[in-house]
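The values are calculated or read from the model by the stated rules, or taken from the named source; none is laboratory data. Remember, it's a predicted structure, so these values are computed and weren't measured experimentally. Reconstructed Cβ throughout: ideal geometry from the backbone, glycine too, with neighbour counts over all protein chains shown. Accessible surface areas use protein heavy atoms only, side chains included; no ligands, DNA or RNA. Shrake-Rupley method; radii C 1.70, N 1.55, O 1.52, S 1.80 Å.
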Amino acid sequence: MSETSLGLRFWGVRGTVATPAADRLRYGGNTICLAARLAEDEYLVLDGGTGLRHLGAAIRAERAGKPTTIHLLFSHYHFDHIEGLPLFMPLYDGHSRIVVRGCAPRRLSLRDTFEQLIQPPWFPASLAGSPASLEYQEIDGNPFKIRDVTVSTLPLNHPDGSVAFRLDRAGRRIIFATDHEHGDPVVDAGLTAFCEEADHLIYDATYIPSEYESLRRGWGHSTWYAAVALARASRLKNLVLFHHHPEHTDDELEKILALARTEFPQTTLAREGDELPL
Ligand SMILES: [Zn+2]
Ligand SMILES: [Zn+2]
């Protein structure tokens with residue numbers, strides 16, 4: 001086992017849309033982004049919501065003008081998971097090497113998915129002309145390594161698709177499973193096995209059960225109640241409720257947490273700035 005653990009930091013925890021509202025800032029209003037610094041000159045990033053903009057500023061403050069490799073892993077391409085990319089400062093530094101990984105959506109390559117979106121008239125600069133060196137690697141279902149982190153993937157149940165990432169490093173295991181709707185028995189059984197005995201599961205807990213039951217079935221998201229059921233079934237060590245609903249205030253999130261802890265005590269709420277050991 002490695003002597004040192006890395007910190008996987010939450011840069012954005014809010015689902016669907018950024019929420020810069022005073023009663024939602026204790027947990028944070030930026031959309032989805034997590035990152036770990038693997039080495040002085042190398043970062044691993046999960047999704048690129050508005051949190052990615054703040055990560056980019058932090059990387060620039062330390063690494064501007066120095067060769068730096070950034071691995072960007074995308075669960076899928078809904079706006080709340082990609083909208084920070086055009087404002088990611090390392091794109092505009094010729095010393096950056098940015099490796100983009102994700103599943104190619106239907107009818108588009110991974111490269112075209114991003115290059116068609118980030119160009120005029122939707123954004124004043126073209127991604128294809130970025131000073132950074134960009135590489136695209138399509139995920140094919142096989143595990144891959146980024147330094148000493150082994151990354152495995154699992155397709156989830158979500159409109160237009162989404163994949164979960166499992167990060168294994170030095171005996172520690174973190175699962176990032178967001179934008180997933182529970183209820184498909186085959187997918188749920190696969191996810192339970194995928195999460196087996198993980199140290200942390202970061203899970204889509206967008207809805208409370210009553211919201212889900214009233215009109216949100218089929219929208220591709222899950223509940224804290226499905227999260228605790230999955231946590232028990234997969235014998236998790238810690239559950240992290242994530243992809244917070246934009247209408248849920250900090251106080252409401254803490255009520256959800258209290259309920260979830262009655263079912264699975266080792267539960268926390270994802271909060272901007274917090275880190276998980278990897
Ligand atoms: Zn989302
Ligand atoms: Zn989505």
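Scanning the range 31-49 for residues that are buried (at least 24 other Cβ atoms within 10 Å of the Cβ) and either modelled with pLDDT under 95 or in a loop (DSSP other than H, G, I, E, B) (or both) yields Ile32, Asp47, Gly48, Gly49. Could you please let me know if Arg173 is basic (Lys, Arg), touching a residue at least 12 places away in the same chain (Cβ under 8 Å) and not in a strand (DSSP E or B)? Against the criterion (basic (Lys, Arg), touching a residue at least 12 places away in the same chain (Cβ under 8 Å) and not in a strand (DSSP E or B)), Arg173 does not qualify.
Of the residues making up the range 64-120, not one is part of a helix (DSSP H, G or I), among the β-branched types (Val, Ile, Thr) and more than 18 Å from Val163 (Cβ to Cβ). One residue stands out among those in the range 148-196 that are small (Gly, Ala, Ser) and more than 18 Å from Ser222 (Cβ to Cβ): the one that is modelled with the highest pLDDT, which is Ser152.
Got a sec? Which of Gly28, Gly7, Gly12 is open to solvent by less than 70 Å² (accessible area, probe 1.4 Å) and either more than 16 Å from ligand 1 (Cβ to nearest atom) or modelled with pLDDT under 95 (or both)?
Of Gly28, Gly7, Gly12, the one residue that is open to solvent by less than 70 Å² (accessible area, probe 1.4 Å) and either more than 16 Å from ligand 1 (Cβ to nearest atom) or modelled with pLDDT under 95 (or both) is Gly7.
Take Ala128 and decide whether it is within 25 Å of Leu276 (Cα to Cα) and in contact (Cβ under 8 Å) with a residue 12 or more places away in the chain. Against the criterion (within 25 Å of Leu276 (Cα to Cα) and in contact (Cβ under 8 Å) with a residue 12 or more places away in the chain), Ala128 does not qualify.
Just give me the residues in the range 103-124 being surrounded by 15 or more Cβ atoms within 10 Å (Cβ to Cβ) and out of contact with any Leu (no Cβ under 7 Å at 6 or more places or on another chain), in sequence order. Of everything in the range 103-124, those that are surrounded by 15 or more Cβ atoms within 10 Å (Cβ to Cβ) and out of contact with any Leu (no Cβ under 7 Å at 6 or more places or on another chain) turn out to be Cys103, Leu110, Arg111, Thr113, Leu117. Scanning the range 75-105 for residues that are under 15 Å from Arg53 (Cα atoms), hydrophobic (A, V, I, L, M, F, W, C) and within 16 Å of ligand 2 (Cβ to nearest atom) yields Phe79, Ile82, Leu85.
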